[in-house]
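One structure is given here, and the rest of the page talks about it.
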Amino acid sequence: MGEANWFDDDIERIVVTEQQIHDKIEELAKQVAADYAGVDSLLLVGVLKGAVMFMADFSRALGRLARPAELEFMAVSSYGQRATSSGVVRILKDLDRDIAGRHVIVVEDIVDSGLTLSWLLRYLDSRSAASVEVVALLRKPDAIKVDVPVKYVGFDIPNEFVVGYGLDFGERYREMPYIGVLRPSVYSRT
Ligand code: PRP
């Protein structure tokens with residue numbers, strides 16, 4: 001047996017296991033591959049930083065199904081506190097290329113309030129994409145403030161703070177291969 005990971009002791013409860021993430025990504029990729037069977041090349045737009053793990057695994061799953069995809073990344077930041085966010089978003093890193101006429105799939109790690117995504121979908125629409133859909137690994141139905149159309153959802157989870165697989169607490173835990181809830185003692189350390 002290998003050494004325990006540095007983060008395991010900080011996790012109170014696992015919400016989604018590594019195997020569940022793997023299986024779900026295969027399932028989502030199959031759905032997307034079938035739905036876009038007639039499309040030459042998809043344009044995946046990952047939202048940094050949280051979506052980086054999901055983007056990497058999802059794009060490779062699509063590739064194994066012989067669906068070519070191009071990868072783009074955006075980085076955005078909400079103004080002020082998330083809880084009181086107006087949904088106004090600042091672009092920290094824009095798309096590198098024109099998406100006009102392209103079939104775009106936004107790749108998100110989590111839809112929480114939906115504010116980021118709602119803004120992003122309006123933005124991508126304004127850039128004249130042929131179509132825009134969303135694949136989100138996680139969604140918190142009880143936290144939604146704006147209704148956003150998310151066509152492909154991995155897991156609906158309770159409205160609690162989770163880390164891992166791209167999701168951070170103070171920039172830590174992103175590299176965890178599973179998704180979990182932190183022990184309360186972790187918060188009192190900071
Ligand atoms: C997280 C997540 C989504 C967004 C979802 O990003 O990656 O992009 O919040 O929240 P919302 O539905 O309430 O808008 P965050 O701003 O924490 O940045 P990060 O991905 O760099 O950690």
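Summary of computed values
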quantity	calculated
On Cα atoms only, tilt of 115-126 relative to the major axis of the chain in degrees	20 degrees
Whole-percent carbon and sulfur share, accessible surface of the chain, 1.4 Å	50 percent
Long-range HN-HN contacts of Tyr165 with modeled amide H, under 5 Å	Met176, Tyr178
Crossing angle, helix 18-35 versus the chain [Cα axis fit, 0-90 degrees, rounded to tens]	10 degrees
Farthest positive-ward along the range 83-174 dipole, Cα basis, beta-carbon charges - from Ala143, Val163, Ser113	Ser113
Coarse-grained scattering of the range 126-190 at q = 0.16, 0.24, 0.25 Å⁻¹, given as base-10 log I(q)/I(0) from a Debye sum over alpha-carbon atoms	-0.69, -1.10, -1.14
Exposed GluC sites (Glu not before Pro) absent - longest run of the chain, DSSP non-H/G/I/E/B, at most 14 other C-beta within 10 Å	4-159
Fraction of the pair-distance distribution of the chain above 21 Å, Cα-Cα pairs, percent	51 percent
Alpha carbon centroid spacing (whole Å) that separates the range 118-147 from the range 22-79	14 Å
Residue-wise HN-Hα coupling along the range 55-66, computed from phi with Karplus coefficients 6.51, -1.76, 1.60 (Hz; x: Gly, Pro)	4, 4, 6, 5, 5, 5, 5, 5, x, 5, 8, 6
Under 21 Å between alpha carbons - lysine pairs in the chain that sit 8 or more apart or on different chains	7
Electrostatic dipole magnitude of the chain [Cβ: Lys, Arg +1; Asp, Glu -1; Cα centre; debye, to 20]	440 debye
Inverse mean reciprocal Cα-Cα distance (Kirkwood Rh) of the range 14-67, Å	11.8 Å
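The values are calculated or read from the model by the stated rules, or taken from the named source; none is laboratory data. Predicted, not measured: the structure shown is a model, and the values here were computed from it. Cβ sites come from the backbone with ideal geometry, for glycine too, and all protein chains shown count toward neighbours. The accessibility values were calculated without ligands, DNA or RNA, using every heavy atom of the protein model including side chains. Shrake-Rupley method; radii C 1.70, N 1.55, O 1.52, S 1.80 Å.
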